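Please read the structure below before turning to the comments.
Only the coordinates and a few stated rules stand behind these numbers; no lab work does. As the structure is a prediction and not an experimental result, all values here were calculated from the model. Cβ placement follows ideal geometry from the backbone for every residue including glycine, while neighbour counts extend to all protein chains displayed.
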Amino acid sequence: MSKANLITLTNPRSAASEAYRTLRTNLLFSSLDKPLHTLVVTSSAPEEGKSTALANLAVTLAQGGRKTILADCDLRRPSQHTLWGLEREPGLTNYLLGDRKDIPLQDVGVENLQVLTAGMLPPNPADLLGSARMDDLIASLAKKADIVLFDAPPVIAVTDAALLASKLDGALLIMRAGKTRRDHADQAKELLERIKVRVVGVALLDAHVDAGVGGYYGE
């Protein structure tokens, strides 16, 4: 099972792992008045690292004692199965289409964490994510965990993320230093806020780490 990109597992003492734990803390404290039980994690454009960031966030939440479910709803370019070394099927779409009566959650060797892979790739991802069957799935997953994290495609590329976000408690935007365009970031935030999605924050990847801070964490 390959988990090379999951730094929170491969190098938990690193500055990057500590940054994910800080993100976990900030999310939990920011939601004291309005608890986050369901959260979509997305980006403004492709290739910004949102799926890897989400997987690492899921690890830290689980390690913090919260029962966590990570659902891959990027039905165009799913990657959670690859990150965790799992088979893509059966997964979310198999359940939504009625091929499975039970939700095919998979254990990944991390206490308190289960993953729902994408399943087969449908011709109509937006229709599936906007369906009543998806509403039922969200409600079922929320009953099984303290927090459910949803991996969604980039906001401004397709409508999937906005459709999904409108059903959940909030959205977290992932951006990459030196790659994410400012206009794309603004457009993504405005699109989500226009449909009354609660944007709980932005996580910046590949930000410069001060040498003194890195040394503190043994890097």
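Summary table below
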item: Exposure proxy ranking, count of Cβ atoms within 10 Å, fewest first, for 175, 134, 120; result: 120, 134, 175
item: Residues 199, 110, 41, sorted so that the one with the fewest Cβ neighbours within 10 Å comes first; result: 199, 110, 41
item: Sequence of 99, 151 once ranked by neighbouring C-beta atoms within 10 Å, starting from the fewest; result: 99, 151
item: Low-density loop cleavage sites - trypsin sites (Lys or Arg not before Pro) in region 30-121, where at most 10 other Cβ are within 10 Å (DSSP); result: 101
item: The chain - mean residue ellipticity at 222 nm from DSSP helices (-39,500 (n - 2.57) per run, n ≥ 4, rounded to 500); result: -11000 deg cm²/dmol
item: Set 50/101; 3/101; 3/34; 67/167; 50/196; 3/67 screened for pairs whose C-alpha atoms are more than 24 Å apart; result: 50/101; 3/101; 3/34
item: Cleavage-rule hits (trypsin sites (Lys or Arg not before Pro)) in region 135-197: DSSP loop, at most 15 neighbouring Cβ within 10 angstrom; result: 179, 181, 196
